[in-house]
Amino acid sequence: TANGPSTFCSGDSVLLSSSYPNGNTWTPTGNTSSSFYATSSGTYTVTYTDANGCTATSNPITLTVNPSPPAPIVNPQGPLIICADGVIQLYSNTSGGNVWSPNGETTDTIMVYTPGNYYVVNSSGPCPSAASNIVTVNLGSNPNPPVISLTGTDTLYCSSASSYQWSLNGNPIQGATGQFYVPTANGSYSVYVTNEDGCGTMGEPYEFTLNELTYLEGPEWIIAPNPASNLLTVLWKNNSRAKIQVLDIQGKLLISQTSTSGNENLDKGNVQPIKVIVSR
């Protein structure tokens with residue numbers, strides 16, 4: 001007898017039992033116990049042999065094993081980080097029949113708002129698939145809002161972060177992705193920063209007004225013009241020896257030279273804006 005349905009899914013089994021405790025031989029497996037778990041499709045019989053060598057064969061039982069579909073694959077594969085008030089989209093590579101855990105959604109794609117372990121089973125056929133890969137979603141921490149400060153007379157900077165994007169009046173500034181930024185126009189400047197988790201935040205804007213001076217003056221030098229043209233002039237008030245460095249707004253070094261006295265004409269090319277560092 002079969003103690004269970006004769007049709008079952010791959011990975012399951014059914015218990016076949018003989019009415020005799022001993023003297024059994026099962027076909028086609030050759031098993032000699034009084035019962036065993038069958039896991040394959042086929043027609044099964046059991047032959048009983050008594051002490052005198054007489055035999056009797058049971059009625060046949062036909063078993064059918066339905067195959068399970070391949071296990072789905074969930075992408076993107078983890079571990080992943082979700083930021084506060086953020087969302088992550090997970091999708092199955094199978095179309096239709098998806099049942100997600102732990103939330104029970106039945107769509108091909110789900111939106112994840114909370115941390116946890118997520119996987120999907122495909123139930124489109126008579127038998128469910130094995131579970132997909134498990135994607136772990138962890139909760140990331142948002143960075144502290146950045147505080148913008150003014151250094152010198154023309155440069156904005158903010159606290160350290162993994163990445164930066166400066167904006168003017170709410171519009172991102174192309175290429176302004178460093179900790180420092182030299183404004184080229186009056187307005188409201190803000191910066192969006194991210195941390196190592198990839199989570200980001202924006203701080204309070206900084207109202208900036210351009211320096212109206214046509215030159216910059218230090219204790220021993222004058223730099224003109226301001227704003228800079230292609231040719232930059234450094235005028236020394238006294239005979240001095242100093243190092244002059246010219247950088248673009250991303251911090252790339254354009255010019256580095258040592259001056260001893262007189263006027264220095266520096267051809268920086270058509271790069272705007274720039275930062276000039278004079279050091280002894």
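The values are calculated or read from the model by the stated rules, or taken from the named source; none is laboratory data. Because the structure is a prediction, the values reported are computed rather than measured. Don't worry about glycine lacking a Cβ; one is built from the backbone with ideal geometry, like all the others, and counts go over all protein chains shown.
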* Structure fact -> Being closer than 30 Å to PRO128 by Cα and not in a loop (DSSP other than H, G, I, E, B) narrows THR29, THR45, THR25 down to just THR45
* Would you mind finding the one in THR114, THR136 that is within 15 Å of GLN89 (Cα to Cα) and outside any loop (DSSP other than H, G, I, E, B)? => THR136
* To do: For SER188, indicate whether it is over 16 Å from ILE88 (Cβ atoms) and assigned by TED's automatic domain parsing to the domain that holds VAL87.
  => no
* Are there any pairs, at least 6 apart or on different chains, whose C-beta atoms fall under 6 Å, with the first in the stretch 84-111 and within 20 Å of ASN138 (Cβ to Cβ) and the second part of a loop (DSSP other than H, G, I, E, B) and polar (S, T, N, Q), and if so, which? -> ALA84/ASN142
* Subset of the stretch 166-193 (residues that are touching a Pro at 6+ places or on another chain (Cβ under 7 Å) and surrounded by 17 or more Cβ atoms within 10 Å (Cβ to Cβ)) -> VAL182, TYR189, SER190, VAL191, VAL193
* Taking GLY125, is it modelled with pLDDT under 90 and surrounded by 13 or more Cβ atoms within 10 Å (Cβ to Cβ)? -> yes
* To do: Among the numbered conditions (1) surrounded by 14 or more Cβ atoms within 10 Å (Cβ to Cβ); (2) at pLDDT 95 or above; (3) outside any loop (DSSP other than H, G, I, E, B), tell me where THR201 comes up short.
  => (2)
* Matching residues in the stretch 48-62 - criterion: being within 25 Å of ASP12 (Cα to Cα) and outside any strand (DSSP E or B) -> SER58, ASN59, PRO60
* Structure fact -> Out of (1) surrounded by 15 or more Cβ atoms within 10 Å (Cβ to Cβ); (2) touching a strand residue (DSSP E or B) at 6+ places or on another chain (Cβ under 8 Å); (3) without any contact (Cβ under 8 Å) to a residue 60 or more places away in the chain, the one LEU150 does not meet is (1)
* Structure fact -> Taking first residues from the stretch 164-178 that are without any contact (Cβ under 8 Å) to a residue 40 or more places away in the chain and under 14 Å from GLU207 (Cβ atoms) and second residues anywhere that are acidic (Asp, Glu) and in a loop (DSSP other than H, G, I, E, B), the pairs with Cβ under 9 Å that are 6 or more apart or on different chains are none
* **Residue that is farthest from GLY203 (Cα to Cα) [pool: residues in the stretch 153-163 that are part of a strand (DSSP E or B) and either polar (S, T, N, Q) or without any contact (Cβ under 8 Å) to a residue 12 or more places away in the chain (or both)]** => THR155
